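The values are calculated or read from the model by the stated rules, or taken from the named source; none is laboratory data. Nothing here was measured: the structure is a model prediction, and the numbers come from that model. Don't worry about glycine lacking a Cβ; one is built from the backbone with ideal geometry, like all the others, and counts go over all protein chains shown. These accessible areas exclude ligands, DNA and RNA; they are computed on the full protein's heavy atoms, side chains included. Shrake-Rupley method; radii C 1.70, N 1.55, O 1.52, S 1.80 Å.
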Amino acid sequence: MAALSPRIVSLIPSATEIVAVLGWGDRLVGRSHECDYPLAVQSLPICTAPKFNPTGDSAAIHQRVTDLLQSALAVYAVNTELLAQLQPTHIVTQAQCEVCAVSLSDVEQAVAELTEVKPTIVSLQPAVLSDVWQDMLTVGEAIAGSAGKQQAESAIAVLKQRVNGCIARVETVAQERPTVACIEWIDPLMAAGNWVPELVELAGGISCFGTIGQHSPWITWEALIEADPEIIVVMPCGYTLAQTRAELSTLMGHPGWQQLNAVQNNRVYVVDGNQYFNRPGPRLVDSLEILAEIFYGEQTPYRYQSQGWQLIPNPQCDRTCGGSGMGRSLTDVR
């Protein structure tokens, strides 16, 4: 009997991007409510939904999610009836963070309720960049065996070449590496962990917070002020550039904000965390390039500016501040 053609449901954006980059985008039959890249996936049926209101400021969202977790309730729901209709052969999900996407246990429960089909569950749990390469191999092999693994190896080689190229460019221009604070949540304050400190290091910076491969830590304002980073990159989990800019008043309103080195020297940036830094998939390579562009912009092309990152000018800082030359408004480089 011939093997069934893959029918893939992806329940996390990074996995959707992995499936697409491996060449099986046309085999996707369903997605999560957050999967939106590549653009073609936006027409697919949506198989999950949040159990909380995702609108509002970061403090309100944090409280809603916390209330669900403290009540031992799932943060997201899986549409089992839709899964039954889609009849997937594979469901790709994650076991990294139950706050970011539907949990593995919820997916397993949903699959247990299916009667006509028992899809293979492919669970990913990346913590560092090398885990993403392994996830690509895992997905490739699960979908198409040795041939799928070879496809993944080819795709990984291309991504690694870009990583190595970025590192080489940074090494030619980096003199004194800047200290960097990456903020993954605004209220309460959380620094970025997992792969982000690794990306900061590869891009030529020194991460003030977070440990490579470990979950993102909560931090205090006192700790941020004491670290006094030379660069601040704001990347709230799941937030677009526009959403992040709308939340900046919470940071800027803190009495310690204006005394920070990065603020005084016009080196505060927002990035599209939702599309790049929060998704442990192929576009973590783009995230690395974004950081290198922010750190050493005069020596690297502005490929991602406006679309991937923006400078947040300090109105109290004149145009000459910022020793690296990156302390310029967006209009200065157009």
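Which one of Pro88, Pro126 is open to solvent by less than 20 Å² (accessible area, probe 1.4 Å), farther than 30 Å from Tyr296 by Cα, part of a loop (DSSP other than H, G, I, E, B) and of a type outside the set (Phe, Trp, Tyr)?
Selected residue: Pro88, the only one of Pro88, Pro126 that is open to solvent by less than 20 Å² (accessible area, probe 1.4 Å), farther than 30 Å from Tyr296 by Cα, part of a loop (DSSP other than H, G, I, E, B) and of a type outside the set (Phe, Trp, Tyr).
Return the pairs, sorted by first residue and then second, in which the second residue is of a type in the set (S, T, N, Q) and open to solvent by less than 50 Å² (accessible area, probe 1.4 Å), the first residue lies in the range 18-36 and is within 11 Å of Met136 (Cβ to Cβ) and modelled with pLDDT of 95 or more, the beta carbons are less than 8 Å apart, and the residues are 6+ apart or on different chains.
What qualifies is Val19/Ser10.
Please work out if Asp131 is surrounded by fewer than 19 Cβ atoms within 10 Å (Cβ to Cβ) and closer than 28 Å to Gly238 by Cα. Spell out how you get there, then give the answer.
Values: surrounded by fewer than 19 Cβ atoms within 10 Å (Cβ to Cβ): yes; closer than 28 Å to Gly238 by Cα: yes.
Judged against the criteria, Asp131 is a match.
Per-residue answers, yes or no, for (1) of a type in the set (Val, Ile, Thr); (2) surrounded by 14 or more Cβ atoms within 10 Å (Cβ to Cβ); (3) within 22 Å of Val285 (Cβ to Cβ):
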{"position": "Val107", "(1), (2), (3)": "yes, yes, no"}
{"position": "Ala110", "(1), (2), (3)": "no, yes, no"}
{"position": "Thr120", "(1), (2), (3)": "yes, yes, no"}
{"position": "Leu137", "(1), (2), (3)": "no, yes, yes"}
{"position": "Ala142", "(1), (2), (3)": "no, yes, no"}
{"position": "Gly148", "(1), (2), (3)": "no, yes, yes"}
{"position": "Gln151", "(1), (2), (3)": "no, yes, yes"}
{"position": "Ala155", "(1), (2), (3)": "no, yes, yes"}
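Does any residue of the range 238-260 turn out to be modelled with pLDDT under 90, closer than 26 Å to Leu202 by Cβ and either of a type in the set (Ser, Thr, Tyr) or in contact with a Phe, Trp or Tyr (Cβ under 9 Å, 6 or more places away or on another chain) (or both)?
Among the residues of the range 238-260, not one is modelled with pLDDT under 90, closer than 26 Å to Leu202 by Cβ and either of a type in the set (Ser, Thr, Tyr) or in contact with a Phe, Trp or Tyr (Cβ under 9 Å, 6 or more places away or on another chain) (or both), which makes the answer no.
What single numbered condition from (1) outside any helix (DSSP H, G or I); (2) farther than 15 Å from Leu199 by Cβ; (3) touching a residue at least 60 places away in the same chain (Cβ under 8 Å) fails to hold for Gly281?
(2)
Identify, please: which residue in the range 270-307 is of a type in the set (Gly, Ala, Ser) and surrounded by fewer than 21 Cβ atoms within 10 Å (Cβ to Cβ) and is, among those, modelled with the highest pLDDT?
Filtering the range 270-307 for residues of a type in the set (Gly, Ala, Ser) gives 273, 281, 287, 292, 297, 306.
Those still in the list that are surrounded by fewer than 21 Cβ atoms within 10 Å (Cβ to Cβ) too: 297, 306.
Numbers: Gly297: 80, Ser306: 84.
Among those that are of a type in the set (Gly, Ala, Ser) and surrounded by fewer than 21 Cβ atoms within 10 Å (Cβ to Cβ), it is Ser306.
Tell me which of these Val170 doesn't satisfy, since it passes every other one: (1) under 30 Å from Glu226 (Cα atoms); (2) in contact with a helix residue (DSSP H, G or I) (Cβ under 7 Å, 6 or more places away or on another chain); (3) modelled with pLDDT of 95 or more; (4) crowded, with 21+ Cβ neighbours inside 10 Å.
All conditions are met except number (3).
Given the criteria assigned to a helix (DSSP H, G or I) and not basic (Lys, Arg), does Glu198 qualify?
Against the criterion (assigned to a helix (DSSP H, G or I) and not basic (Lys, Arg)), Glu198 qualifies.
Would you point out the residue of the range 200-214, among those that are out of contact with any strand residue (DSSP E or B) (no Cβ under 7 Å at 6 or more places or on another chain) and either open to solvent by less than 20 Å² (accessible area, probe 1.4 Å) or without any contact (Cβ under 8 Å) to a residue 24 or more places away in the chain (or both), that is nearest to Glu289 (Cα to Cα)?
So, considering only residues that are out of contact with any strand residue (DSSP E or B) (no Cβ under 7 Å at 6 or more places or on another chain) and either open to solvent by less than 20 Å² (accessible area, probe 1.4 Å) or without any contact (Cβ under 8 Å) to a residue 24 or more places away in the chain (or both), the one nearest to Glu289 (Cα to Cα) is Ala203.
Within the range 215-243, count every residue that is open to solvent by 30 Å² or more (accessible area, probe 1.4 Å) and part of a strand (DSSP E or B).
So the answer is 1.
Which of the residues that make up the range 64-77 are in a strand (DSSP E or B) and either at pLDDT 95 or above or open to solvent by less than 30 Å² (accessible area, probe 1.4 Å) (or both)?
Across the range 64-77, the qualifying residue is only Tyr76.
Here's a check for you: in the range 173-199, which residue that is in contact with a Leu (Cβ under 8 Å, 6 or more places away or on another chain) and more than 16 Å from Ala227 (Cα to Cα) is surrounded by the most Cβ atoms within 10 Å (Cβ to Cβ)?
Filtering first and then ranking leaves Leu199.
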